[in-house]
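Working notes, structure below.
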Amino acid sequence: MTEITPWWQKAVIYQIYPRSFRDTTGNGIGDIPGIIEKVPYLADILGVDAIWVSPFYPSPMKDFGYDVSDYRGIHPLFGTMEDFDRLLAELHRRSIKLIIDLVPNHSSDQHPWFKASRSSRKNPKRNWYVWKDPKPDGSPPNNWLSVFGGSAWEFDPETGQYYLHSFLKEQPDLNWRNPEVKQAMFDIVRFWLEKGVDGFRIDVAHFIMKDPDFRDNPVQDINSPSIHRSLGEYDNLQHLYDKGHPDNHVVFRELRNLLDQYNQRVAIGEIHIFDWLEWAAYYGKDLDELQLPYNFSLLSVKWEADQVQRKVDQLEHILPSGAWPTYVLGNHDEARLASRIGPENTRLAAMLLLTLRGTPTIYYGEEIGMTNGQIPQEAELDPAGLRQPGWDQGRDICRTPMQWSAEPLAGFSPPGTKDSWLPVAENYSQVNVQNQLADPTSLLELYRNLLKLRKEQPALQLGAYQPIPDQVPDVYSYLREYNDTKFMICLNFSSEQRIVRLTLMQDASILLSTHMDRKGPLQQELELRPLEGCILTL
């Protein structure tokens with residue numbers, strides 16, 4: 001019997017931050033009808049296989065949707081449930097999967113569950129959240145800190161206890177040790193599965209289970225930054241007890257069992273864990289937990305050939321047998337790729353992302369080289385940035401509106417719209433979809449070619465990965481092989497020419513260059529121009 005490859009192993013995922021993708025109402029905020037309008041772009045121009053849409057639920061928007069007040073609804077800013085159903089139907093008609101955000105660690109403080117919980121110590125939902133008595137001196141129960149700054153505990157004078165919030169005080173943590181909470185959240189998962197969604201990206205997946213004894217976190221001997229950005233005082237503690245408890249794995253095995261009752265539904269986990277072994281454990285001992293824990297190692301890597309290869313090879317070495325890798329170069333929490341590594345490196349990054357073994361995720365606008373927005377201080381909205389100025393304007397810089405054209409507001413909103421929710425990046429008249437579609441050598445055209453090639457070639461989807469050691473300084477080369485098909489990818493990270501000898505490679509030919517200007521057979525060597533990458537057929 002032939003084993004069917006799960007769709008998510010072959011897929012390229014495209015992340016959409018709905019506030020910033022396309023506004024159809026003229027209020028300056030993107031919406032679900034805007035995503036529907038752009039389905040032809042996703043299907044016909046890009047050719048992605050799945051989209052992940054960040055939260056669209058009813059919310060007070062203290063953290064722009066990651067503070068959910070109704071897990072079964074649609075915020076009126078984004079449209080209606082009928083709009084959602086239309087989006088799902090239109091995507092499926094185009095053979096595109098839909099992944100939605102699940103936010104299980106915390107709700108909004110305006111959720112009916114929490115309103116009931118804080119109303120009285122005797123309320124039946126009191127134990128749906130994490131409540132603890134003060135210390136004898138009235139201080140918080142322990143030294144846990146919020147990722148967004150300050151104590152992770154907020155005192156409620158009405159009931160005389162503290163509640164836990166790993167992020168904003170308006171985002172109280174749910175108590176996953178209460179079986180009723182788990183059942184309620186699993187019922188929500190079933191609700192969306194029954195609607196037909198194809199999977200979930202699970203927000204801060206490793207946070208949901210904490211130390212049941214609520215022990216203090218040890219103080220770091222030295223300041224040890226988080227994986228890819230400094231979090232200020234939060235980095236001064238070793239976060240042993242406020243997240244990452246082994247009991248997480250029990251929950252995810254149960255969640256996987258639920259997903260497996262449906263046809264090929266996927267769970268993707270946001271897991272910011274530096275230790276490779278601890279991170280890899282979220283696949284499950286028998287690959288029975290998350291199919292795709294997100295791998296964020298390339299978000300902070302020094303953009304040099306040997307450093308990038310080291311991260312890839314470490315991942316390949318640590319993966320459990322049969323586990324499938326993931327790669328991301330950007331998302332809604334990180335500075336834009338083009339601003340982190342420089343616009344001149346974005347072509348190399350595109351070829352890397354779309355030719356490595358594993359499931360890649362493209363963040364909206366990456367395909368045209370969008371850069372960080374310039375956010376005046378008075379326009380800053382991100383609560384993390386406002387609470388911790390060291391976040392370099394917080395996360396607003398990577399959430400600016402999609403740049404569709406050189407029209408006012410980059411074509412993000414209908415004509416006549418005065419302002420968008422965040423300022424459009426200043427370079428929109430040059431960097432936009434319309435301009436790049438008219439240029440056969442643009443970055444967008446490179447993405448289109450890479451996506452098309454990947455879809456046509458099983459070796460680039462499912463093939464084995466083999467690094468080529470001791471090649472050329474500043475060049476990262478590797479093979480992708482599937483059955484009788486073999487490709488060699490050569491990426492020159494240097495600003496100077498590099499020559500790759502092909503003495504052991506017979507009948508090599510350039511299939512695609514990041515410069516989009518050459519193809520054809522090679523003899524004994526490949527001359528790589530500065531910052532050029534090539535895919536060779538062998």
Exercise for the section: Within the stretch 29-39, identify whether any single residue is over 28 Å from A384 (Cβ atoms), surrounded by fewer than 23 Cβ atoms within 10 Å (Cβ to Cβ) and among the hydrophobic types (A, V, I, L, M, F, W, C), and answer yes or no. Expected result: yes
Practice task
For the stretch 441-453, indicate whether the set of residues that are free of Cβ contacts under 8 Å to residues at least 40 places away in the same chain, open to solvent by 30 Å² or more (accessible area, probe 1.4 Å) and not charged (D, E, K, R) is non-empty.
Solution key: no
Reported set for the stretch 121-156 where residues are outside any loop (DSSP other than H, G, I, E, B), in contact (Cβ under 8 Å) with a residue 40 or more places away in the chain and open to solvent by less than 40 Å² (accessible area, probe 1.4 Å) is W128, Y129, L145
When every residue in the stretch 157-179 that is over 21 Å from R256 (Cβ atoms) and among the charged types (D, E, K, R) is compared, the one least open to solvent (accessible area, probe 1.4 Å) is D173
| said: Within the stretch 236-252, does at least one residue satisfy the condition of being modelled with pLDDT of 95 or more, of a type in the set (A, V, I, L, M), on the phi > 0 side of the Ramachandran plot and open to solvent by 40 Å² or more (accessible area, probe 1.4 Å)? | reply: no
| Would it be correct to say that I74 is open to solvent by 10 Å² or more (accessible area, probe 1.4 Å) and either not charged (D, E, K, R) or not in a helix (DSSP H, G or I) (or both)? | yes
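Can we say A508 is crowded, with 16+ Cβ neighbours inside 10 Å, in contact with a strand residue (DSSP E or B) (Cβ under 9 Å, 6 or more places away or on another chain) and free of Cβ contacts under 8 Å to residues at least 60 places away in the same chain? Quick ask: steps written out before the conclusion?
Working: crowded, with 16+ Cβ neighbours inside 10 Å: yes; in contact with a strand residue (DSSP E or B) (Cβ under 9 Å, 6 or more places away or on another chain): yes; free of Cβ contacts under 8 Å to residues at least 60 places away in the same chain: yes.
Judged against the criteria, A508 is a match.
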Exactly one of V312, V328, V301, V266 is of a type in the set (A, V, I, L, M), within 28 Å of S477 (Cα to Cα) and touching a residue at least 40 places away in the same chain (Cβ under 8 Å), and that residue is V312
Given (1) in contact with a strand residue (DSSP E or B) (Cβ under 7 Å, 6 or more places away or on another chain); (2) modelled with pLDDT of 95 or more; (3) not in a helix (DSSP H, G or I), V472 misses just (2)
Here, strands (runs of 3 or more DSSP E) confined to the stretch 258-371 with at least 3 residues that are within 19 Å of the chain's Cα centre (by Cα), buried (at least 23 other Cβ atoms within 10 Å of the Cβ) and at pLDDT 95 or above are 266-269, 359-363
E496 vs (1) touching a residue at least 40 places away in the same chain (Cβ under 8 Å); (2) out of contact with any strand residue (DSSP E or B) (no Cβ under 8 Å at 6 or more places or on another chain); (3) open to solvent by 50 Å² or more (accessible area, probe 1.4 Å): all pass except (1)
If we ask which residues in the stretch 229-249 are farther than 30 Å from K285 by Cβ and in contact with a helix residue (DSSP H, G or I) (Cβ under 9 Å, 6 or more places away or on another chain), their number turns out to be 4
All-but-one check, L88 against (1) open to solvent by 30 Å² or more (accessible area, probe 1.4 Å); (2) over 24 Å from V251 (Cβ atoms), failing number (1)
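The values are calculated or read from the model by the stated rules, or taken from the named source; none is laboratory data. Keep in mind that this is a model prediction, so the values were computed, not measured. Because the Cβ atoms are built from the backbone with ideal geometry, glycine has one as well, and the counts that use them run over all protein chains shown. Heads up: the accessible areas ignore ligands, DNA and RNA and are worked out on the full protein's heavy atoms, side chains in. Shrake-Rupley method; radii C 1.70, N 1.55, O 1.52, S 1.80 Å.
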